[in-house]
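Data first, discussion second: the structure below is written as structure tokens.
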Amino acid sequence: MNQKVSIIVPVYNAEYYLEKCINCLQKQTYENLNVIFVDDGSTDNSGEICERYANQNKNFSVVHQKNQGLSGARNTGLAVADGAYVSFLDPDDWIDVDYVEKCMMQAKKYNFPDLVFTPYCREYGSKSIKNKLFKENKVLYFDQKNFVKNFYLNLFGRDPIKLENPAILDDLSPVWSKFYKKELISNVKFIDTKKIGTEDLWFNINALYKAQSAVYINNVYYHYNKQNNNSLTKNYKTYLEPGWENLFKFIRMFITTNELGTIYDKRLDVRQGFAIITLLREVISADTLSVSQKLSKSNELLNNEFYIKYLTKYKYENLSIKWKVFTYLCKKKRVCSIFLLITFLEPLKKYLK
């Protein structure tokens, strides 16, 4: 008998993209599937769209609630999900029509592991970039030991000696593109982004701590929409810097409490150090800040020891040239050079990683 799969779709003011997302769910070739839309207090037509399709599809359901944010919406979905596996799909993204079927086929083949996960495509309108997670172009099975080595440890950060491209630091972090055994995550909750900056990483660190097995499916894709036109203005996320400080403190405490060892601290050093680059990009690419505000805030970030001390802690000898240049500029606190570099490169991000 096929395992039941619950897909949770948190929805907030997503009417522009929502029907494309719903269409891919309607066309799924896997039958034992239920989809839970959580309308998180939308003020556009998103709630009505969800209701309309739920009336047309017996395996679709809708929960309406006052706005609680992405984490709150996902938690609501978790509370009502009854599948043996639970997955997450953002309302502006989509999956291949045979996505669930292929994943569950391999899950059955490998005796239903705790986690099933896939690569994803970054979608920039007419340009699609495949984001493979491993060099091997085949299905990979991980027992507990190899899962820790090849996945779980890398959630905390990467090996500073081997690291070539810091852009891969978050490749494994998203909760989408994954199927979790329900029993594995039954007591795990999402924490509000406003409190920890990024909710997915903390969820995965807790959810997968006791995972005993996993399967990576290489030939099916989650499609991550990088061109969300709902907002023409890129706002500066004021909560991100203090939120990440909380997040990294929580993770340090998790490492200590669970006696994971210095290798985990070392990996987190790398993540914490290179977080400065994401923060600088957030500041410099924000439409709501003036140039003088961007330069001032960038200078403040480059003098924040909470991040910069970890960027300067290791030599990162195998970084690619572009990343060596960027890291050097950060270490030397060359604010104007960094501002010009990010301003030039940000429009080209769909060609770079």
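Observations on the model:
- Share of carbon and sulfur in the accessible area of the chain stands at 50%, probe radius 1.4 Å.
- Solvent-free Debye scattering, log10 I(q)/I(0), computed from the Cα coordinates of segment 273-353 at q = 0.16, 0.26 Å⁻¹: -0.57, -1.41
- Cut-off 10 Å between beta-carbons: net charge of the residues surrounding Leu341, Lys and Arg +1, Asp and Glu -1: +1
- Summing charges over all other residues whose Cβ lies under 14 Å from the Cβ of Ile8, with Lys and Arg as +1 and Asp and Glu as -1, gives -2.
- Over the C-alpha trace of segment 219-281, radius of gyration and Dmax come out as 16.2, 45 angstrom.
- Restraint check, Lys132/Lys182; Lys294/Lys332; Lys109/Lys226; Lys102/Lys226, Cα-Cα greater than 28 Å: Lys109/Lys226
- Sorting the segments 312-320, 185-193 by their residues' average number of neighbouring beta-carbon atoms within 10 angstrom, most packed first, yields 185-193, 312-320.
- The chain, relative contact order in percent, only Cα pairs under 8 angstrom and at least six apart counted: 18 percent
- Using Cβ point charges alone (K and R +1, D and E -1), the dipole size of the chain about the Cα centre works out to roughly 1420 debye.
- Extension gain, Ala167 back to Ser292 (0.36 nm per residue minus Cα-Cα distance, nm): 42.3 nm
- Note that the chain presents 47 Å² accessible area per residue, ligands and nucleic acids not counted, probe 1.4 Å.
- For Tyr216, net neighbour charge (Lys/Arg +1, Asp/Glu -1) across residues whose Cβ lies under 11 Å away: +2
- Cross-link partners of Lys178 among aspartates and glutamates, defined as those whose alpha carbon lies under 16 angstrom from its own and excluding same-chain residues fewer than eight positions apart: Asp90, Asp93, Asp96, Asp98, Glu101, Asp114, Asp170, Glu199, Asp200.
- Computed from the C-beta positions of Lys27 and Gln3, the FRET efficiency with R₀ = 30 Å rounds to 0.90.
- Estimated inter-spin distance, Asn45 and Leu345, nm [label 7 Å along Cα→Cβ]: 4.1 nm
- Pair-distance distribution of segment 1-119: all C-alpha pairs, bin width 10 Å, starting at 0; shares per bin in whole percent are 14, 48, 30, 7, 0.
- A helix-only calculation puts the chain at -13000 deg cm²/dmol for mean residue ellipticity at 222 nm, using -39500 (n - 2.57) for each DSSP H run of at least four residues, averaged over all residues.
- Spin-label pair Lys309/Asn219, simplified geometry with 7 Å Cα→Cβ offset, distance in nm: 5.0 nm
- Kirkwood-based shape ratio for the chain, expressed as Rg/Rh from alpha carbons: 0.96
- Annotation: average projected area of segment 271-312 is 2.6 square nanometres, based on the convex hull of Cα atoms across all directions.
- Simple point charges give the picture: +1 on the Cβ of Lys and Arg, -1 on the Cβ of Asp and Glu, and for segment 8-117 a dipole about the Cα centre of about 360 debye.
The values are calculated or read from the model by the stated rules, or taken from the named source; none is laboratory data. A quick note: this is a predicted structure, and the numbers were derived from the prediction, not measured. Cβ sites come from the backbone with ideal geometry, for glycine too, and all protein chains shown count toward neighbours. The accessibility values were calculated without ligands, DNA or RNA, using every heavy atom of the protein model including side chains. Shrake-Rupley method; radii C 1.70, N 1.55, O 1.52, S 1.80 Å.
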